[in-house]
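For reference, the structure discussed in these notes is given below.
The values are calculated or read from the model by the stated rules, or taken from the named source; none is laboratory data. From a predicted model like this one, the values you see are computed outputs, not experimental measurements. When we count neighbours, we look across all protein chains shown, and the Cβ atoms used for this are built from the backbone with ideal geometry, even at glycine.
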Amino acid sequence: MSVENLYKVVLYPFINESIASLKTMTNLVGTAGEPFMDKVEDFRFKGYAICSDVTGSLDGVIMMHHYPETAIAIGNAVSESMTEEKSEATEITQELSNALAEWGNTIVGRSTDLHSRYKLDYDFSSPYFVNDVSDMDKFLVGVKEIVTVPITVEGVGRYYFNLLVRSVDFQVGEAKGEESKGVKNTHTKPLPLDAAVLVVDDSALIRKAIKRILNKLGYNNLLEADDGRSGLEIVKSGAADFMFMDVVMEDMNGDEALSEIRKSGSDIPVVMLSSVTDQTLVNKCQNLGISGFIFKPIQASNGAEVLVEYLKIA
């Protein structure tokens, strides 16, 4: 497959989404350069990458590849945008990793939705991070070609998208299916301010940002959990009146926890959160009974406006 086709089919949605998310999540402006072929033997790790494995009719790895200083600048900007707290980290801290994870999850989640609409026979793994130079060699095993697109961020520097291709065997057809959409809350009765609101997300940064927004709205009885299983136990204990829950988490995913919550007989109002814009997943959660499905990111600038629409009960 030509560089042009690989770029348009595989990389273009990621690049477009990264530039759009960069603007909405950091107020930074990015511009894509022209794609080119990197020589496999000359490919070098720049220090920090968000990766997603590609399997199926396309076998390889897609990387959003940064110099450390670029990752730090973007991570600080994402963290500030989400929490309204000044972030001046000079190295990749845990909070900065969380911020970059949210940015990466948003990009991968929204980009893969577009890929799925073309019914292409390949899948992407959840994003993960590489920040050890010695780890790079394993990614290059079996790689036959590398397509690279540079992204210039005004006032910050550059990052790169690399598609490391081991093999490719697919045909591109017309897009099928509709763009995934969230689910609005149709309820009208505001949740009382003294209600106990549970926030379930494996990102401490997201929990912090949502709790900050809820505090501003007047909700102070807040509970939190970092995975679906812990959230399920809190619901079973009867401690929560309302919950916001992420979908993709390490121990138990939110859709699985939601299923268990309903099996237990609880009718607690649940609003799902996700960077993964997969309509099949949305429909599954909707069939289990939810009070809304929000696609991330949730920013400090519009978070109160977004969440207040979902803090309603029947």
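Only one of these conditions is not met by Ser259: (1) part of a helix (DSSP H, G or I); (2) crowded, with 19+ Cβ neighbours inside 10 Å; (3) modelled with pLDDT of 95 or more. Which number is it?
Only one criterion is unmet by Ser259, namely (2).
Could you please tell me which pairs satisfy a Cβ distance under 9 Å, a separation of 6+ or placement on different chains, a first residue in segment 4-33 that is without any contact (Cβ under 8 Å) to a residue 60 or more places away in the chain, and a second residue that is basic (Lys, Arg)?
As it stands, the answer is Ala20/Arg110, since those pairs meet every condition given.
Pro127 fails exactly one of the following numbered conditions: (1) surrounded by fewer than 19 Cβ atoms within 10 Å (Cβ to Cβ); (2) within 19 Å of Asn162 (Cβ to Cβ); (3) modelled with pLDDT under 90. What is the number of that condition?
Checking Pro127 against (1) surrounded by fewer than 19 Cβ atoms within 10 Å (Cβ to Cβ); (2) within 19 Å of Asn162 (Cβ to Cβ); (3) modelled with pLDDT under 90, the one that fails is (1).
Collect the residues in segment 27-79 that are touching a helix residue (DSSP H, G or I) at 6+ places or on another chain (Cβ under 9 Å), modelled with pLDDT of 90 or more and polar (S, T, N, Q), keeping them in residue-number order.
Scanning segment 27-79 gives Thr31, Asn76, Ser79.
May I ask you to say which residue of Lys208, Lys296, Lys284 is buried (at least 20 other Cβ atoms within 10 Å of the Cβ), closer than 24 Å to Gly109 by Cα and of a type in the set (Lys, Arg)?
Residue meeting the stated conditions: Lys296.
If I filter segment 47-70 down to residues being touching a Leu at 6+ places or on another chain (Cβ under 6 Å) and of a type in the set (A, V, I, L, M), which single residue comes out as nearest to Ser111 (Cα to Cα)?
Residue satisfying both the conditions and the ranking: Ile62.
Could we say that Val29 is surrounded by fewer than 23 Cβ atoms within 10 Å (Cβ to Cβ), closer than 30 Å to Ala209 by Cα and not assigned by TED's automatic domain parsing to the domain that holds Pro297 here?
yes
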